[in-house]
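Working notes, structure below.
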Amino acid sequence: MPAISTSSLPDIVFMLLFFFMVTTSMRETENKVMIKLPEASQVVKLERKDLASYINIGSPIAPMQAQYGTDARIQLNDSFKTTSDIRDFIAAERDAMSEVDRQFMTTVIRCDSDVHMGIVSDVKQELRRCSALKIMYCARKPAK
């Protein structure tokens, strides 16, 4: 019996590796708060997700409730912060963008439907102080 030719094997492995590298999306941040999005009456899709900065507001997930309690918390990137840290967060996000894209930066607030409006209002006030005026709220599509 003749031997099986394995000369094309590296090409096949490289094509599979390249395929999975292109199709896999990496999660930028890990959700540390529970978010049950409210139902939306109007839905607008973000044009460029790379220009969006996300602020998550909700109660901590079950493994973190022993350390942080069950009150609503603000999550910026991968850590819990206070409203006074939002200014530094927005400044860091702007610095990471090119000069041309800074004017198109959008702040997306993902808020649990059971969170009191006081903390959301505080976040909005802090965003106004640092001139981050393009704000979107994340919500789920209405059930049909």
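Remark: spin-label model distance ALA91-SER7 equals 6.2 nm, labels positioned 7 Å along the Cα→Cβ axis.
For CYS138, nonlocal amide neighbours, meaning residues 5 or more places apart or on other chains whose placed amide H falls under 5 Å from its own, are ILE109, ARG110, CYS111.
Atom-type composition of the exposed protein surface of the chain places 55 percent of the accessible area on carbon and sulfur (1.4 angstrom probe).
Stretched out straight at 0.36 nm per residue, the stretch from THR70 to LYS45 would grow longer than its current Cα-Cα span by 5.9 nm. Estimated at the nearest 10 Å², the accessible area of GLU93 is 50 Å² with a 1.4 Å probe. Give the angle, between 0 and 90 degrees and rounded to the nearest 10, that separates the Cα long axis of helix 9-23 from the longest principal axis of the Cα atoms of the chain. It is inclined by approximately 10 degrees.
Rounded if a/c is under 1.5, else prolate if a/b beats b/c, else oblate: with a ≥ b ≥ c from the C-alpha gyration tensor eigenvalues square-rooted, which is segment 35-102? Here segment 35-102 falls in the oblate category.
Ligands, DNA and RNA aside, VAL108 has an accessible area near 10 Å² when probed at 1.4 Å. Close amide H pairs (under 5 Å, H built 1.01 Å from N) link ILE61 with VAL33, MET34, residues at least 5 positions away or on another chain. Solvent-accessible surface of the chain, taken per residue with a 1.4 Å probe and all protein chains present: 74 Å². By how many degrees, between 0 and 90 and to the nearest 10, does the Cα long axis of helix 86-96 differ from the longest principal axis of the chain? Between helix and principal axis, roughly 40 degrees. Taking θ as phi - 60° and the Karplus parameters 6.51, -1.76 and 1.60, the scalar couplings of segment 44-51 work out to 10, 8, 5, 6, 10, 6, 6, 9 Hz in sequence order, x denoting glycine and proline. Here is the tail figure for the chain: Cα pairs spaced more than 25 Å apart come to 43 percent of all pairs.
The values are calculated or read from the model by the stated rules, or taken from the named source; none is laboratory data. What you see is a predicted model; the values in this text were computed from it and never measured. Glycine gets a Cβ as well: all are built from the backbone with ideal geometry, and neighbour counts include every protein chain shown. Keep in mind that these areas ignore ligands, DNA and RNA; they rest on the heavy atoms of the full protein, side chains included. Shrake-Rupley method; radii C 1.70, N 1.55, O 1.52, S 1.80 Å.
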